[in-house]
Amino acid sequence: MVQQLTIFDALPSTISEAFEVGDTVIVVAKPNESDIEDYYYLQDYAGLTGRIVKVIRGPVLQYEVEFAKKRNGIIYHEELRRG
């Protein structure tokens, strides 16, 4: 099967500390989040340890993170720390 790539797949990541599929991460909720919707979304995942299952490249680097007892979440790069 052939997969079509987007321009974002071809661009190198500008973030030197980017995570890879399989990395263990911890979700960090920002208490002074300017976007209240993001803040409340993160409350379900704050402090949980998960595993990166997909890297979502685009204007903003995001990851699909798999958690043991919760549904997968889509989390921004700056909201994750190495676990």
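The values are calculated or read from the model by the stated rules, or taken from the named source; none is laboratory data. The model shown is predicted, which means the values in this text are computed figures rather than measured ones. Glycine gets a Cβ as well: all are built from the backbone with ideal geometry, and neighbour counts include every protein chain shown. Areas reflect the complete protein model, heavy atoms only, side chains present, ligands, DNA and RNA absent. Shrake-Rupley method; radii C 1.70, N 1.55, O 1.52, S 1.80 Å.
Some notes on this structure:
- The residues Glu37, Glu79, Glu66, sorted by heavy-atom accessible surface at 1.4 Å with ligands and nucleic acids left out, run Glu37, Glu66, Glu79 from largest to smallest.
- Qualifying trypsin sites (Lys or Arg not before Pro) for segment 49-83 [loop in DSSP, other Cβ within 10 Å: at most 11]: Lys69, Arg71
- Extending 7 Å from the Cα toward the beta-carbon at both Asp44 and Asp23 defines two label points whose distance is 2.4 nm.
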